[in-house]
Each structure stands twice: as C-alpha cells, then as structure tokens.
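Peer 1: One structure, as structure tokens, below. Some questions next.
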Ligand SMILES: [Zn+2]
Ligand SMILES: [Zn+2]
C-alpha cells in the first residue's frame, strides 16, 4: 500500500542559508532530489550538500530548477555516486544546454585530480576531464518545456512552470492522486529587462506542500524604490563616472546577470540616459558561451531579441589573466563600462582583479547589482570607507588602499521581494509552507509573516540536515 508510506523532506543544503541547495524528497517510497548545488564560497567537502544522508540507496530521480551553480554544481557527484543508470535528471529545455557549460566552468575553478584531494571523500572529483567524459558517455537529461507533464516515479508526475529569474529557470509542481507539492526554485515575480517574471500555474486545488526560496526575506520592500527609479539612479552614477573620465565596473555573474546588464545598458542608451558611444565590455569565456544559448531561445525571454547582447557589447579576450586590465584599457582608450564576472568580486576573479585597479583612482565607479556573500571581496570593498585598506588575496598580507569613493549597491535583483514571496505563497495556499534558500533573518521574517496571514497553515524554516515529515504513515 504505497499511499500509506510517508512524505518527507530532508534539507541537505540551503536550510537557513544560501549555500549548496539540495532537498531530498521521500515521496511514499520514491527518493527524488530537488536541486544539487555547490556553495562557491566554500572549498572541498564543505562546499557540498550533506550527501552522506543519501546512504547507499541513492536517488530515483533528480529535478534541477535552473543552471546556477548553487542549484546544480554537485550534479557530477550525484551522477557518479548516487544516480543509477537509466535514472533521469529532469530539466527545462534551455537548462539542458546551460548546465554542462556551467559545470565545466565550475570544474575549472575546482581542479582536484582524481585520488589526489583530501577534501573530497569521493574517489571522483570535479575535474574538467571527468565532467566532460561523464556528459559524453551518458544522456541523463530529460528536457521538458513549461507546462509539459512528465513522469518522475511510480504514480508521481511533475510539470515545470516559468519562475522568471534567468533563462530556463523553473518552479516545479509534483503530484500523485493524493498529494501535491510545489518547489519554487529561485523565483522573481517582477519583469527584468530581458527576463520575464514568473508565471504561476492556476491549479484546480490548493496544494499540500510548498518549498519556497527566501533570498530577500530580510530586505524591506520599498514601493517608492522601484526598478525604474533604481535604473535611473544607476544611469546617473554611470554618467557621472564617465564624465569624470573614469571607468565603470558592474560586477556580474556569467549566467543571467551579464545578459541582463548588457541589455539594460543598451536600453539606457536608447533612452538617452547614458552616452550611446560608450563601450560595454564583458569578459570572454563562459559568458560568451552562455550568450549563444540565449540566442537559441528568444521565446523564453520577454521580447528583446537576444542577438542584441553580442551586438551591444564587445568581449575582452585576455589570454593572460594578469594582463586583463591592460588589455581592456588598450582596447578602449576611452572611459568604458566593464561587465565582469564574478558578481561578488570573488577573490581572483576577473572582476576582483579589475576592481583592485579601479579602487585606486577616485575617478572610477564600482556598482553592485546582485547579492554579495559576506565572505567575498565584494562585501569588504562595498562596505569599506574611503581611505580604508582591503585584502584582495587572503593568502597574502598585501593590502590596497581604497581611494575611489564611488562604490554603491543597486537593487536590481533577479529574486522576488519579500512581499512578492508572500503573495506567491498566497497563490498556492499550501497546508505546509517550508522556507529555504535564505539567511536566518530572511527565513524567520517570512516564516513569521506567513504564519500571521495563514494561521490555519503550518509554516517551517528547517535548518540544513533537518528532516521534516510532511505526512505520517497512519
Ligand atoms: Zn539562481
Ligand atoms: Zn539560488
């Protein structure tokens, strides 16, 4: 009697944190992994979800909501150690193209030859060769369009819906005859420049369980500080910087943010907000490959022709990463806008190296438009007072003095505001809401606010490693 078996969720990562997001769903005996991320702010074993909890039985299916590394970075380990042959990884059509690109790139950052790493308790590590071999030898992906019904396990079905956020990002509805669950993945209700907002499915009934992200739960939603006002404020800062003869750095992520910023800058030019002849440069490499995937799926975007991305910008090809800034300067000779990865100025990344140069002149401007984790260089730099010393490389004592005062954060997030998150939860009206993928103050606020709005429902904010029984076996 399968219907007598319980439904439970074990948080393997992403409980009261934005880390290696991964949730083990035990659905009446079938084991489904919802996302399998990697925490890029950590190294080795610490960067992985708590896969030890999977034990020897492994998983029957994996659902990956989108191609960001914090949701898919540990997929190679799952494929190698926990997903038997013939088992499937369910993704959306664009994600199928994006995921191998993202994994190859993250493998490049985490080279650890087989058998030579003490950090991983696995024989196999995330080196580049293994990743490419793995994808060449196995076709694990089952790619689905939005709204398509697919079978996950015995009697259990799923369907993706657009969650906004980035190209191909999805939430997923799971159901059998008796129960239903929605997992939002990363979700945005608002339209961005090139990305649509989410399109929530109109289900016939309220759902039983909602697993929902909480990224912006601690940030007050300000109705006066909307996206348009924020875009104008950013354009003003960019203009001032260019007029001073300075360069602008917009730290960015290769997937989603880079494409969004390039099209946003182009639309600022069309609207006369910044000079039309200002060069926009992005860092060649992963971003270029991702731009090509954007060009393949214009129907997943909100009306802009994605070809604009390559027309409106130039890629900086730097063969020697130490010469990056010099190369870029030689390419432009005039004040320019650099859309460089990573968005958090991760130490050693192209944007961090460029920032090191730019903060040493008061003419330049560095403007953040994404979440920056407290352990990253971007966090230190954004919060530093002019005249402070910062440490671009934690392995060396070298410090640089921050001369540039023009460092500012802008709210152009690809995640829903906390009011929007509550309205998304209202839409599904679940019996149980589970708040994940957020710092403790974020999950706390959402958990509390949802409880007040829905006193009849159960609201939870589990920590990583916690198991929640959603239905008992009685
Ligand atoms: Zn994401
Ligand atoms: Zn995420």
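The values are calculated or read from the model by the stated rules, or taken from the named source; none is laboratory data. None of these values were measured; they are calculated from a predicted model. Backbone-built Cβ (ideal geometry, glycine too); neighbour counts: all protein chains shown.
Listed here are the residues, each with its yes/no results for (1) farther than 19 Å from residue 23 by Cβ; (2) surrounded by fewer than 24 Cβ atoms within 10 Å (Cβ to Cβ); (3) more than 15 Å from the chain's Cα centre (by Cα).
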site	(1), (2), (3)
141	yes, yes, yes
159	no, yes, yes
178	yes, yes, yes
187	no, no, no
193	yes, yes, yes
204	yes, yes, yes
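Peer 1: Go through (1) on the phi < 0 side of the Ramachandran plot; (2) away from ligand 1 (no atom under 16 Å from the Cβ) for residue 442 and report which single condition fails.
Peer 2: All conditions pass for residue 442, except number (2).
Peer 1: Of all residues being assigned to a loop (DSSP other than H, G, I, E, B) and more than 22 Å from residue 301 (Cβ to Cβ) in the range 181-214, which is nearest to ligand 1 (Cβ to nearest atom)? Just the residue, please. Step through it out loud before you land on a result.
Peer 2: Of the range 181-214, the ones assigned to a loop (DSSP other than H, G, I, E, B) are 184-208, 214.
Those still in the list that are more than 22 Å from residue 301 (Cβ to Cβ) too: 202-208, 214.
Details: 202: 25, 203: 24, 204: 29, 205: 29, 206: 27, 207: 22, 208: 25, 214: 13 Å.
Checked the range 181-214; the qualifying residue nearest to ligand 1 (Cβ to nearest atom) is 214.
Peer 1: Looking at (1) in contact with a helix residue (DSSP H, G or I) (Cβ under 8 Å, 6 or more places away or on another chain); (2) outside the structural domain of residue 64 (by TED's automatic domain parsing); (3) in a loop (DSSP other than H, G, I, E, B), which is the one condition that is false for residue 245?
Peer 2: Only one criterion is unmet by residue 245, namely (1).
Peer 1: Among the residues of the range 41-49, are any closer than 21 Å to residue 172 by Cβ and touching a helix residue (DSSP H, G or I) at 6+ places or on another chain (Cβ under 8 Å)? I'd like the intermediate steps shown before the answer.
Peer 2: Of all residues in the range 41-49, those closer than 21 Å to residue 172 by Cβ come to 49.
Then drop every residue that is not touching a helix residue (DSSP H, G or I) at 6+ places or on another chain (Cβ under 8 Å), which leaves none.
So far as the range 41-49 goes, no, none of its residues is closer than 21 Å to residue 172 by Cβ and touching a helix residue (DSSP H, G or I) at 6+ places or on another chain (Cβ under 8 Å).
Peer 1: State all residues of the range 384-405 that are at pLDDT 95 or above and either outside the structural domain of residue 360 (by TED's automatic domain parsing) or under 26 Å from the mean Cα position of the chain (by Cα) (or both); if no residue qualifies, say none.
Peer 2: If the condition is that a residue be at pLDDT 95 or above and either outside the structural domain of residue 360 (by TED's automatic domain parsing) or under 26 Å from the mean Cα position of the chain (by Cα) (or both), then 384 is the only one that fits.
Peer 1: Go over the candidates 394, 421 one by one and state the one that is closer than 29 Å to residue 378 by Cβ and outside any loop (DSSP other than H, G, I, E, B).
Peer 2: Just one listed residue meets the conditions, 421.
Peer 1: Here is a list: 171, 147, 164. Which entry is within 16 Å of ligand 2 (Cβ to nearest atom), assigned to a loop (DSSP other than H, G, I, E, B) and modelled with pLDDT of 95 or more? Steps first, answer last, please.
Peer 2: On the way: 171 fails: assigned to a loop (DSSP other than H, G, I, E, B); 147 fails: within 16 Å of ligand 2 (Cβ to nearest atom).
Testing whether each residue is within 16 Å of ligand 2 (Cβ to nearest atom), assigned to a loop (DSSP other than H, G, I, E, B) and modelled with pLDDT of 95 or more leaves just 164.
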